[in-house]
Amino acid sequence: MTYVTKLSLQSGDRVALEETVSEIKTLIERKGAECRGPFNDPPEHLTVPRYRSLAPGDRFESWNYSVYARRLEIHGNDHIARQVGHMEFPDSLHVEIEVEHRKPAGHRRS
């Protein structure tokens, strides 16, 4: 049975996101683990209204920004996945780590 560690990284700072993904990918490949990705999701463009006061209708111009996302998968190397999970990430990044337990094809339930 193998484990697949899925990393999802999001940030409004595209440069920090690309540098972090590149660093993770290099680490994984240098250690000899199997890595899939990075997969690029289309940027999400968000608009946030800004109000001058709590009274309705008194507004500033809306704040517009983009959120960029990348996904990576580490297959079968638990030690490397654990090492990546304990990395220090920039404050501008949101990182989610999901571990999936995959059974080989033809495996029966006990």
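Each reported figure results from applying straightforward, stated rules to the coordinates on display, with no laboratory input. Just so we're clear, the structure is a prediction, and the values are computed from it rather than from any experiment. When we count neighbours, we look across all protein chains shown, and the Cβ atoms used for this are built from the backbone with ideal geometry, even at glycine.
A few points about this structure:
- Using the Cβ of Arg14 as centre and a radius below 13 Å, the other residues enclosed give a net charge of -4, where K and R count +1 and D and E count -1.
- Residues Phe39, Phe89, sorted so that the one with the fewest Cβ neighbours within 10 Å comes first: Phe39, Phe89
- Across the chain, the longest piece that holds none of the GluC sites (Glu not before Pro) lying in DSSP loops with up to 12 other C-beta atoms within 10 Å covers 1-60.
- Considering only Leu9, Val99, Val48, and ranking their Cα positions along the charge dipole of the chain that arises from unit charges at the beta-carbon of Lys, Arg, Asp and Glu, the one farthest toward the positive end is Val99.
- Residue among Leu54, Leu27, Leu93 with the largest mean-square fluctuation in a Gaussian network model of the chain, springs linking Cα atoms under 10 Å: Leu54
- Rel. contact order, % - alpha carbon contacts under 8 angstrom, at least six apart, segment 2-102: 49 percent
- Note on the chain: GNM, Cα springs under 10 Å; of Ser22, Ser92, Ser53, the largest mean-square fluctuation is that of Ser53.
- Looking at segment 38-98, the trypsin sites (Lys or Arg not before Pro) that sit in a DSSP loop and have at most 14 other Cβ atoms within 10 Å of their own Cβ are Arg50, Arg52.
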